[in-house]
Each structure stands twice: as C-alpha cells, then as structure tokens.
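Asker: Can you read through this structure? Questions will come right after.
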Amino acid sequence: MNNRLEEIRKQRGIKQEELAAALEVSRQTIGSLENGRYNPSILLAFRIARFFGMSIEEIFIYEEDDRV
C-alpha cells in the first residue's frame, strides 16, 4: 500500500515529531509509514485521516495486486 502521508504532512508544515505526538505513536512509526515499511492498523489510519481532516482513501492508496 502506498501513501501520501509525507507529502501531506510537509504541505501543512508539520514535523514528524509533532504528528507522532498528536497520534500518540513514535516518530519512528511515522517514518516507517512514510517510507512504506509499515502499513497502519485500521485504527491508526482513521486517526491519521481524522487529524488531517481527510478520508483514508485520500492518504492511503491501495492498489489491487494482480496475483490476488
């Protein structure tokens, strides 16, 4: 799953540390999300979307895998 988290965060002038504190996760979690090394739980995805006032689909891009 791809995401626009880093792009959206930077557009709004929010540091990784600030977003992490607001979401009650570590800065490393934010970095891992942004780099695609970690997919959020559905709860965290909702919290991120709510924080930015966006839908989950506007932030996280799910692309159907041809092998499925």
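Asker: For region 14-57: of the residues being exposed (fewer than 12 other Cβ atoms within 10 Å of the Cβ) and aliphatic (A, V, I, L, M), which is nearest to N2 (Cα to Cα)?
Answerer: Only one residue tops the list, namely I42.
Asker: Report whether or not A45 is over 11 Å from the mean Cα position of the chain (by Cα) and aliphatic (A, V, I, L, M).
Answerer: Numbers: over 11 Å from the mean Cα position of the chain (by Cα): no; aliphatic (A, V, I, L, M): yes.
Considered against the rule, which asks whether it is over 11 Å from the mean Cα position of the chain (by Cα) and aliphatic (A, V, I, L, M), A45 comes out as no.
Asker: Of the residues that make up region 5-14, is at least one among the β-branched types (V, I, T) and in contact with a strand residue (DSSP E or B) (Cβ under 8 Å, 6 or more places away or on another chain)?
Answerer: No, the conditions are met nowhere in region 5-14.
Asker: Can I ask one more? Cβ-Cβ below 6 Å, separation at least six or inter-chain, first residue in region 1-17 and farther than 17 Å from P40 by Cβ, second surrounded by 12 or more Cβ atoms within 10 Å (Cβ to Cβ) and modelled with pLDDT of 95 or more: which pairs?
Answerer: Filtered contacts from region 1-17: E17/R27.
Asker: Search region 28-40 for residues that are within 16 Å of R9 (Cα to Cα) and pair each with any residue that is modelled with pLDDT under 95 when their beta-carbon atoms are under 6 Å apart and the residues are at least 6 apart or on different chains.
Answerer: Note: pairs meeting the criteria are S32/Y38.
Asker: While we're looking at this one, here's another question. It is to be established whether one or more residues within region 60-68 are at negative phi and in a helix (DSSP H, G or I).
Answerer: Initially, region 60-68 is screened for residues at negative phi, giving 60-68.
In the following step, the residues that additionally are in a helix (DSSP H, G or I) were identified as none.
Within region 60-68, none of the residues are at negative phi and in a helix (DSSP H, G or I).
Asker: While we're looking at this one, here's another question. Need the failing condition index for E63 against (1) surrounded by 15 or more Cβ atoms within 10 Å (Cβ to Cβ); (2) more than 13 Å from the chain's Cα centre (by Cα), just the number.
Answerer: All conditions are met except number (1).
The values are calculated or read from the model by the stated rules, or taken from the named source; none is laboratory data. All values reported here derive from a predicted model rather than from experimental measurement. FYI the Cβ positions are ideal-geometry reconstructions off the backbone, even for glycines, and counts take in every protein chain you see.
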